[in-house]
Structures are given as C-alpha cells and as structure tokens.
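Laboratory data are not the source of any read-out in this text; all were calculated from the coordinates shown. Everything numeric in this text was worked out from a predicted model, so none of it was measured. Cβ atoms come from the backbone with ideal geometry, glycine included; neighbour counts cover every protein chain shown.
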C-alpha cells in the first residue's frame, strides 16, 4: 500500500478474505433462511394440493398461503436495514427461479390434479431450485 | 521487458492501493450488493469518508451506486460492477504473486 510498504501482502489477502466473509455473513442469513423456507413450504403445499380434494385441498391451499404470508412478514422484518441485496439482480434471479417452478407446480395442480408422478416432479423441482439458490448464496 | 516479466507490483491497481477503497471492494466481493450503511459498518469509517471513496470508485466504474427511498428516508446501495470485480481479482492475483515471492 502507498506509504505503508511494511504491510505483508499475505496479511492484506487475509484481511480482504475476512472482511468479505464477515460482510456477507452479517447480511445474508435472512435471505438464505427465507429462500429455503419458501421452497420447503411451497413444495409441500403444492404437493398436498395436487393430491387432495374437497376440504383437504382447502386446508392445504389455506395452510400454504398462511405459511407464505408468515414467511414474507418474517423476511420483511429481518431484512430491515439490510435490504440492499433484495434489489440486486442476483436476488431477483433467485426469486424468478423459484416463481417459475412454483407456477409450474400450480399448473400441475390445476391441469393434472391427483397425478402423483407429475406432482412429485413439479413440487420436487421447487425444492431443488430453492436449495440450489440458497446453497449458491451461502457459498458465494 | 514484457508485461509477464514485470514485477507483479506493476500490476497492482492504483485505485485499490488505498486502504479504505481496498476494504470497500473487499466487503462487496462476496456480497455483490450492500447498503451504504452495511459497507460503512463493515469498513468502520465515517459516512463522509465512505462517500468520498465511493465517489472515486464509482467514477472509475468499479462500483454502481443505486438510490431509492423507503418513505422519506433515502437508501443507497453499492454494487460491485463487472469491471470492478475484474480489477479486484487482478489486484488480488498480483498481491498473491508478491506474497509467493516473499515466501520463496
């Protein structure tokens, strides 16, 4: 560094790594927790909806909506003061990926009701995509 | 002398040799995007000092600065650009080479 030639480059590299990790860890846990929980809840919810009818379907539908609503409230509260990442392209890509698989699973619920194989694939895909997004963010 | 023969110190990025700018970019390396407040807390400097260094990194194209409002409160987000990431990686690579030379 200018004016501080005695600084060991190895120390600078270690400092950069430490700072990068601590800044990431301090701000990302609500995002990672949210995307995992959202994936699990919507995956199980759509699977339950695809396999049930009548009051069972109503219960699965309402339960999924309630859990999603609770998760969104948790997320909004926990990212207060650290919401910058919520407006980033990376987070938008994660949410878009989840939404595409969720829309696919809802399409299965509507058009292929009670098809166990399709419901399992579509719901499993929501879970897999959410977990990949969470793992990618945790390891970034 | 070719570029590859040069001492790695010649490949250090001038802008990133400042300790505060180095720390700002380090904080954004993994996170990608952070709020002004998050970077300020990570780097442990005052708002005015951070503003000054962010302006120079933004002018060099290393950082993107986003402005938004939450009610009447302004919110500033800082994002490491592709150019900034490339410069950061090159700077770290040069530092690693220097560290390796010192360890030989």
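Some notes on this structure:
- Of all the listed residues (A:39, A:56), the sole one being on the phi < 0 side of the Ramachandran plot and over 14 Å from the mean Cα position of the chain (by Cα) is A:56.
- Residues that are more than 12 Å from the chain's Cα centre (by Cα), free of Cβ contacts under 8 Å to residues at least 24 places away in the same chain and within 14 Å of chain A (Cβ to nearest Cβ), drawn from the range B:39-65: B:40, B:41, B:42, B:44, B:65
- All helices (runs of 4 or more DSSP H) inside the range A:1-119 with 3 or more residues being within 14 Å of chain B (Cβ to nearest Cβ) and within 22 Å of residue B:24 (Cα to Cα): A:9-51, A:89-111
- Out of A:122, A:112, A:86, one residue alone is more than 23 Å from residue A:51 (Cα to Cα) and touching a residue at least 12 places away in the same chain (Cβ under 8 Å). It is A:86.
- Residues in the range B:66-84 that are facing another protein chain (nearest Cβ under 7 Å) and under 12 Å from the mean Cα position of the chain (by Cα): B:79 only.
- The lone exception for residue B:76 - which of (1) closer than 18 Å to residue A:15 by Cβ; (2) surrounded by 12 or more Cβ atoms within 10 Å (Cβ to Cβ) it fails: (1)
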